[in-house]
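The values are calculated or read from the model by the stated rules, or taken from the named source; none is laboratory data. Here the structure is a predicted model, which is why all the values come from computation and not from measurement. Cβ: placed from backbone, ideal geometry, glycine included. Neighbour counts: every protein chain shown. With ligands, DNA and RNA removed, areas are computed over all heavy atoms of the protein, side chains included. Shrake-Rupley method; radii C 1.70, N 1.55, O 1.52, S 1.80 Å.
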Amino acid sequence: LPIFTNTGLRVSTVKHAHHGFDVDQPGKDSYEHRKAGATEVLVTSSKRWVLMHENRNNAEPPLDELVTQLKPVDIVLIEGFKREPIDKLEVHRPELAKPLLQSDDPHIVGVASTAHLQNLPVPLLSLDDVAGIATFIATQCGLASEAANLP
């Protein structure tokens, strides 16, 4: 993320969280507003603002709908949403003893790992090569000229 922003690219992120996460706290006015029935609560200060939207009994919105809530930027990085049909870079840490997802997901366009994996049908990137990963992502996003300017 800093490699992109330090070169002037505008970046937003979407992070899928576990069920029931909350950024709000009991006792805060915003918490009380939501609990009293407000569909949306916007909290603002001189440093930042956040908009909280209550799904209530509605299903969680799909990723494509969530992304429309963002202002236009050069790159949107998405964490989680592994079942979505979008291009993905799989992060593989062999010490976690989890199998690679790449063979079962045609949307995985590269793998970043600390292991020297053999015979992958997609590019293998070193998890320690942050600049190389940033260049790969920028190129995948159609920002080849910007990728050439990354460190």
Percentage of Cα-Cα pair distances in region 1-89 greater than 16 Å, rounded to whole percent? 66 percent
Which value, in debye to the nearest 20, gives the size of the charge dipole of the chain about its Cα centre, when Lys and Arg are +1 and Asp and Glu are -1 at the Cβ? 300 debye
For region 104-109, in order, what is each residue's ³J(HN,Hα) by Karplus, 6.51 cos²θ - 1.76 cosθ + 1.60 with θ = phi - 60°, in whole Hz (x at glycine and Pro)? 9, 10, x, 8, 7, 9
Taking a cut-off of 17 Å between Cα atoms, list the aspartates and glutamates near K82, but don't count ones fewer than 8 places away on the same chain. E60, D64, E65, E90, D104, D105
Two-decimal Rg/Rh of the chain from alpha-carbon positions, Kirkwood Rh? 1.03
Could you tell me, in Å, what Rg and Dmax come out for the Cα atoms of region 43-92? 14.1, 39
Region 1-18 residues near the modelled V130 label - backbone nitrogen below 20 Å, point 7 Å along Cα→Cβ: 1-15
Using +1 at the C-beta of Lys and Arg and -1 at the C-beta of Asp and Glu, which of Q69, I86, L100 has the Cα lying farthest in the positive direction of the dipole of region 53-102? L100
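So, for the chain, what is the accessible surface per residue at a probe of 1.4 Å, expressed in square angstrom?
On the way: 10860 Å² over 151 residues.
Value for the chain: 72 Å² per residue.
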HN-Hα couplings for region 49-57 via Karplus (6.51, -1.76, 1.60; θ = phi - 60°), in whole Hz with x for Gly/Pro, come out as 9, 9, 10, 9, 10, 8, 6, 6, 9
List the pairs from K35/K88; K28/K71; K47/K88; K35/K71; K15/K35 whose alpha-carbon separation is above 30 Å, in the order I gave them. K35/K88; K47/K88
Which of the peptides 14-25, 31-42 is most tightly packed, and how do the rest follow, judged by the mean count of other Cβ atoms within 10 Å per residue? 31-42, 14-25
Whole-percent carbon and sulfur contribution to the accessible surface of region 33-151 (1.4 Å, no ligands, DNA or RNA) stands at 53 percent
Principal axis lengths of region 109-151 from Cα atoms, whole Å, largest first? 30, 20, 10
Among beta bridges assigned by DSSP with both residues in the chain, the antiparallel ones amount in percent, to the nearest 5, to 30 percent
